[in-house]
Every structure is written in structure tokens, then in C-alpha cells.
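Everything on this sheet refers to the single structure shown next.
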């Protein structure tokens, strides 16, 4: 079974990092993975998105037009990509920065205040990890313990950031339930 996820927001929100951590978690589970980053020339502040394709068999193409799941960290991303999400998929919206909904009733729309939650646990920069964990908690696309282990490994060289990121994972799981 193949599942596709798109993470979208503006540069500096950790969009590419969230996708990379999801891809690494799936690889650690022995799944086939494709991670395709995309960002504008502005980098910080410009549009950034990435797609992650996860499958239990060879992936025919890493390029996807209609993802099953979308994590929209800002309004322009929601407006641009929500119409492309497959029916019965998940649209996770960072309600801290996005006041509107997707306008879709054929998907599971999950609204969490990722930026506010991240700020409350100590640093708004971990909003991407909150959103990633919320998606994983809701979709079960990868195992929750596997995600925790990947986050620990991702920050192993910067050990002081591990507790904050693990708190973000816990908060994301709680927000999605």
C-alpha cells in the first residue's frame, strides 16, 4: 500500500525537516521511501514544501499530484494544496496561523494550533515536529515509537534539543487524539 504526504508552509518553518524525519522513520521500518523537497529562491519566508511517498513495494514515481495527506502550516499552502488531497485523506491545519478551513467534507480535517503548542512547550520552532507527530498520531502512517526513535537520532549531535523535540512529539500526539 502506498501513501503520499505533502508538508507545506513558508521557509523557516521546518517543512523539509518534518518530511525528512517522516521519510527516515519509514525507512527505519523497512519501507520504500521517496522524499522530494521544493522551495522558492527566497528560502526563509518563501514557499517551501516537500512530498514523502511511503510504500511497501517499489515506488514507481516520487512525483505526486494528489497526496493522501497534507500538513498545511500556513494559509497560502492550505489554499493551494487542499483541493488536491485525495478523498478520505487527512488535511492537518496549523490553526495558529490559519483561520480558515479547507472547505472539504470528504477528508479528515484536523486543526491543531501547532505554533501555539510549540511556543507553550518552550520554542515555536518545533511547531513542525508538533504537526508531524499529530499527523503520525492520526494517520498511523508510521509507528509512534519509531517516530520517537527517529527524532532522538535526528538530534543526537545536538543532544540539548532532544527533550524539547520529544515534548513536541508528545504534544502532537495528544493534539491529534
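The values are calculated or read from the model by the stated rules, or taken from the named source; none is laboratory data. On a predicted model such as this, the values are computed, not experimentally measured, just so you know. Cβ: placed from backbone, ideal geometry, glycine included. Neighbour counts: every protein chain shown.
See the values below:
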read-out	value
Exclusive hit being under 14 Å from the mean Cα position of the chain (by Cα) and either within 28 Å of residue 66 (Cα to Cα) or modelled with pLDDT of 95 or more (or both), set 97, 135	135
Hey, residue 176 at pLDDT below 95, within 28 Å of residue 65 (Cβ to Cβ) and under 15 Å from the mean Cα position of the chain (by Cα) or not	yes
Unmet requirement for residue 93, which otherwise passes all of (1) surrounded by 23 or more Cβ atoms within 10 Å (Cβ to Cβ); (2) part of a helix (DSSP H, G or I); (3) touching a strand residue (DSSP E or B) at 6+ places or on another chain (Cβ under 7 Å)	(2)
Filter pass, residue 83 being without any contact (Cβ under 8 Å) to a residue 40 or more places away in the chain and either within 20 Å of residue 25 (Cα to Cα) or touching a strand residue (DSSP E or B) at 6+ places or on another chain (Cβ under 8 Å) (or both)	no
Number of positions in the range 5-16 that are touching a strand residue (DSSP E or B) at 6+ places or on another chain (Cβ under 8 Å), surrounded by fewer than 24 Cβ atoms within 10 Å (Cβ to Cβ) and closer than 15 Å to residue 52 by Cβ	1
Check on residue 59, in a loop (DSSP other than H, G, I, E, B), in contact with a strand residue (DSSP E or B) (Cβ under 7 Å, 6 or more places away or on another chain), over 15 Å from residue 10 (Cβ atoms) and modelled with pLDDT under 95	no
Which listed residue is touching a helix residue (DSSP H, G or I) at 6+ places or on another chain (Cβ under 8 Å), over 24 Å from residue 29 (Cβ atoms) and surrounded by fewer than 23 Cβ atoms within 10 Å (Cβ to Cβ), from 121, 141	121
Checking residue 105 against (1) more than 17 Å from the chain's Cα centre (by Cα); (2) over 15 Å from residue 69 (Cα atoms), the condition it does not meet	(2)
Count of the range 30-41 residues which are part of a loop (DSSP other than H, G, I, E, B), loosely packed, with under 15 Cβ neighbours inside 10 Å and modelled with pLDDT of 95 or more	1
Hey, residue 110 buried (at least 20 other Cβ atoms within 10 Å of the Cβ), farther than 24 Å from residue 39 by Cα and touching a helix residue (DSSP H, G or I) at 6+ places or on another chain (Cβ under 7 Å) or not	yes
Selection from the range 52-62 of residues that are out of contact with any helix residue (DSSP H, G or I) (no Cβ under 7 Å at 6 or more places or on another chain) and surrounded by 14 or more Cβ atoms within 10 Å (Cβ to Cβ)	53, 55, 59
Selection from the range 63-76 of residues that are at pLDDT 95 or above, in contact with a helix residue (DSSP H, G or I) (Cβ under 9 Å, 6 or more places away or on another chain) and either in a helix (DSSP H, G or I) or surrounded by fewer than 17 Cβ atoms within 10 Å (Cβ to Cβ) (or both)	66
